[in-house]
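The structure under discussion appears below in the form of structure tokens.
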Amino acid sequence: MGFPEKRRLALVGAGGMLGRMIQALSPKDFAVYPLGHRRLDLTDHSSVAAAMEEVVPDVIINCAAYTNVDGAESDERTAFQVNGEGPALLASAARKYSATLVHISTDFVFDGKNSSPYLEEDKPGPLSVYGCSKLQGEIEVIKSGLEKYFIIRTSWLFGPGGKNFVETISRLAREREELRIVADQWGTPTYTEDLAGAIFNLLALEKRTHQEGCPYGLYHFSNQGACSWYEFACEIVSLLKKNGRPLKVKRIVPIATEDFPLPARRPSYSVLCKQKYISATGADVPLWTESLHKYFLIQKNAGTCQTQG
Ligand SMILES: NC(=O)c1ccc[n+]([C@@H]2O[C@H](COP(=O)([O-])OP(=O)(O)OC[C@H]3O[C@@H](n4cnc5c(N)ncnc54)[C@H](OP(=O)(O)O)[C@@H]3O)[C@@H](O)[C@H]2O)c1
């Protein structure tokens, strides 16, 4: 099947952390239509229909989600509306316009009982309302009858323009002498720049294969490597120090999950195996430490420009 010179990309959740990165990195062969929360509300059928009618998309990327993992425990209805039912509306719009749907999901669909990286075919077993709602979103896309979809599960996102662990630790390290960080939950941090690159690699693969033999379906993507939240925090503080940031923090203390009770249960191990993505695209996946260094370098240069400007 032929592709238009520029594929029309409906970017749902354009104002979020990943959405912004996708806008910034979209290749020239896409015409991006950013659909922020105000323009498209996933809980409102008619708002989804109206936005899609305006864009007439070739591709829909869904970065919108109810991402407050602890908040979802007491706001189950909204979490399921946005994360569970919203993707069904997008899958139905994708069918209507013969568009490809890229839907983002999460490592929190797993129960954390594995001791080696999770494969796409491993059985999900979410521990939280957020995880259950995101799993429902995946199921809705799969059972919609849409053929052209990529569901990409990812983990521990960081990047500019969002509330995330790197920003939280950077702030706390300026404010407190001691940080107490959970050391018995393992996963992989993922730079939004690398995830945005992976999404466009899969869409480029679709173009290369002319859709016919394109391996659509479920993929895992995160950076390479694994760490605990404690190790992640130590790396962040070490980079802040290297960059000469004025910090108050003197100690980072490893603690157990039970010492820091939160409303939502998290998997103790949620490392994702990326082999399916690597085999399909032939792309390299950077280590999380390399990508974190790169992110700090970019932030530092941006800061330098600001103070000089
Ligand atoms: N962040 C992580 O660590 C992480 C880890 C694994 C997977 N993921 C997944 O990755 C994707 C991107 O995450 P992110 O961190 O970029 O999220 P984010 O920064 O929280 O952005 C989510 C966006 O969704 C919008 N949104 C919320 N409710 C909506 C609705 N009813 N209709 C339309 N838009 C709505 C939000 O708008 P408002 O701000 O106006 O509400 C926000 O712009 C999500 O699918 C998430 O589940 C994230």
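The values are calculated or read from the model by the stated rules, or taken from the named source; none is laboratory data. What you see is a predicted model; the values in this text were computed from it and never measured. Backbone-built Cβ (ideal geometry, glycine too); neighbour counts: all protein chains shown.
Summary table below
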{"quantity": "Residue within region 70-80 that is of a type in the set (Lys, Arg), surrounded by 19 or more Cβ atoms within 10 Å (Cβ to Cβ) and either farther than 23 Å from Glu147 by Cβ or touching a Lys or Arg at 6+ places or on another chain (Cβ under 9 Å) (or both) present", "calculated": "no"}
{"quantity": "Residues within region 217-233 that are under 13 Å from Lys148 (Cα atoms) and either in contact with a Phe, Trp or Tyr (Cβ under 6 Å, 6 or more places away or on another chain) or modelled with pLDDT under 95 (or both), tallied", "calculated": "0"}
{"quantity": "Residue that is surrounded by the most Cβ atoms within 10 Å (Cβ to Cβ), among those in region 273-299 that are in contact with a Gly (Cβ under 8 Å, 6 or more places away or on another chain) and not in a helix (DSSP H, G or I)", "calculated": "Ala283"}
{"quantity": "Sole residue being farther than 14 Å from Glu140 by Cβ and modelled with pLDDT of 95 or more, chosen from His45, His37", "calculated": "His37"}
{"quantity": "Pairs where the first residue, in region 114-142, is farther than 18 Å from Gly187 by Cα and the second is charged (D, E, K, R) and more than 12 Å from the ligand (Cβ to nearest atom), C-beta under 9 Å, 6+ apart", "calculated": "Val129/Glu73; Val129/Glu76; Cys132/Glu76; Ser133/Glu76"}
{"quantity": "Residue pairs meeting the criteria (Cβ under 6 Å; at least 6 apart or on separate chains; first within 12 Å of Asp41 (Cα to Cα), in region 61-86; second β-branched (Val, Ile, Thr) and in a helix (DSSP H, G or I))", "calculated": "Tyr66/Thr78; Tyr66/Val82"}
{"quantity": "Among residues of region 12-70, those that are assigned to a loop (DSSP other than H, G, I, E, B) and within 10 Å of the ligand (Cβ to nearest atom), counted", "calculated": "20"}
{"quantity": "Single residue of region 200-215 satisfying the filter (touching a residue at least 40 places away in the same chain (Cβ under 8 Å) and outside any helix (DSSP H, G or I)) that is surrounded by the most Cβ atoms within 10 Å (Cβ to Cβ)", "calculated": "Cys214"}
{"quantity": "Some residue of region 104-117 being surrounded by fewer than 21 Cβ atoms within 10 Å (Cβ to Cβ), among the acidic types (Asp, Glu), closer than 19 Å to Ala10 by Cα and modelled with pLDDT of 95 or more", "calculated": "no"}
{"quantity": "Within region 32-53, tally of residues that are farther than 22 Å from Gly161 by Cβ and touching a strand residue (DSSP E or B) at 6+ places or on another chain (Cβ under 8 Å)", "calculated": "1"}
{"quantity": "Strands (runs of 3 or more DSSP E) contained entirely in region 75-192, each with at least 1 residues that are within 13 Å of the ligand (Cβ to nearest atom)", "calculated": "100-106, 149-154"}
{"quantity": "Any hit, region 236-245, residues being surrounded by fewer than 16 Cβ atoms within 10 Å (Cβ to Cβ), small (Gly, Ala, Ser) and closer than 14 Å to Ala280 by Cα", "calculated": "no"}
